[in-house]
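**Student:** The structure that follows is given in the form of C-alpha cells.
The values are calculated or read from the model by the stated rules, or taken from the named source; none is laboratory data. The structure presented is a predicted model; accordingly, all values stated were derived computationally and were not measured. As a convention, Cβ positions derive from the backbone with ideal geometry for all residues, glycine included, and neighbour counts pool all protein chains shown.
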C-alpha cells in the first residue's frame with residue numbers, strides 16, 4: 001500500500017505554508033483594512049466595535065461571530081468569503097481591490113452622467129414650454 005504524502009510537507013514544498021482559518025481571516029482583514037488606508041480604530045467605528053477587538057482578531061486571539069464577519073466585510077466593501085480566501089500572493093488581493101475601486105468609480109460616473117442628463121432634460125422641457133429657445137438659464141445647471 002502506498003502511503004499518501006504529508007500535506008504539510010507538500011504545501012511547504014510548493015512554497016506556501018498551511019494557515020488555519022484564524023490566520024487567514026487575520027491576514028485578510030489586515031490586508032483589506034490597510035488597502036483602504038484605515039486604522040483599526042476606523043474599522044472598529046464602522047462596525048460599531050472597539051479597536052482592541054479588531055486588534056485581537058488581527059493577532060488571532062479572537063474570532064468574530066458570523067454577524068460581525070458580515071459587518072466587517074460590508075464595511076470593507078467586499079464579500080465576506082474574501083476574508084477567508086487564502087491568497088498565495090498579494091496580487092490577488094490587489095486585483096480584488098482594483099475590482100472594488102473600479103465598481104465604485106463606475107457607480108460614481110453613472111450617477112454623475114445621470115444627473116447631467118436629468119438637468120439637460122429639465123432644461124429642454126422648460127425651453128419647450130416657455131418658448132424661449134434657451135434664453136432662460138437653468139439655475140441647477142448654472143450652479144455647476
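**Student:** From the list 42, 103, pick out the single residue that is more than 15 Å from residue 25 (Cα to Cα) and at pLDDT below 90.
**Tutor:** Values: 42 fails: at pLDDT below 90.
After ruling out the rest, the residue left standing is 103.
**Student:** While we're here: Given the condition modelled with pLDDT of 95 or more and loosely packed, with under 15 Cβ neighbours inside 10 Å, answer yes or no: does some residue in segment 17-37 qualify?
**Tutor:** No, every residue in segment 17-37 fails to be modelled with pLDDT of 95 or more and loosely packed, with under 15 Cβ neighbours inside 10 Å.
**Student:** If I go through segment 23-78 residue by residue, how many of them are free of Cβ contacts under 8 Å to residues at least 24 places away in the same chain, touching a helix residue (DSSP H, G or I) at 6+ places or on another chain (Cβ under 6 Å) and under 14 Å from residue 96 (Cα atoms)?
**Tutor:** Residues meeting the conditions: 1.
**Student:** Follow-up. In segment 61-81, how many are in a loop (DSSP other than H, G, I, E, B), surrounded by 14 or more Cβ atoms within 10 Å (Cβ to Cβ) and modelled with pLDDT of 95 or more?
**Tutor:** Qualifying residue count for the region: 2.
**Student:** With the condition kept exactly as written, say whether any residue in segment 107-114 is out of contact with any helix residue (DSSP H, G or I) (no Cβ under 8 Å at 6 or more places or on another chain), surrounded by 12 or more Cβ atoms within 10 Å (Cβ to Cβ), modelled with pLDDT of 90 or more and farther than 30 Å from residue 80 by Cα. Talk me through it step by step, then tell me what you get.
**Tutor:** Residues of segment 107-114 that are out of contact with any helix residue (DSSP H, G or I) (no Cβ under 8 Å at 6 or more places or on another chain), as a first pass: 107-114.
Those still in the list that are surrounded by 12 or more Cβ atoms within 10 Å (Cβ to Cβ) too: none.
No, segment 107-114 contains no residue that is out of contact with any helix residue (DSSP H, G or I) (no Cβ under 8 Å at 6 or more places or on another chain), surrounded by 12 or more Cβ atoms within 10 Å (Cβ to Cβ), modelled with pLDDT of 90 or more and farther than 30 Å from residue 80 by Cα.
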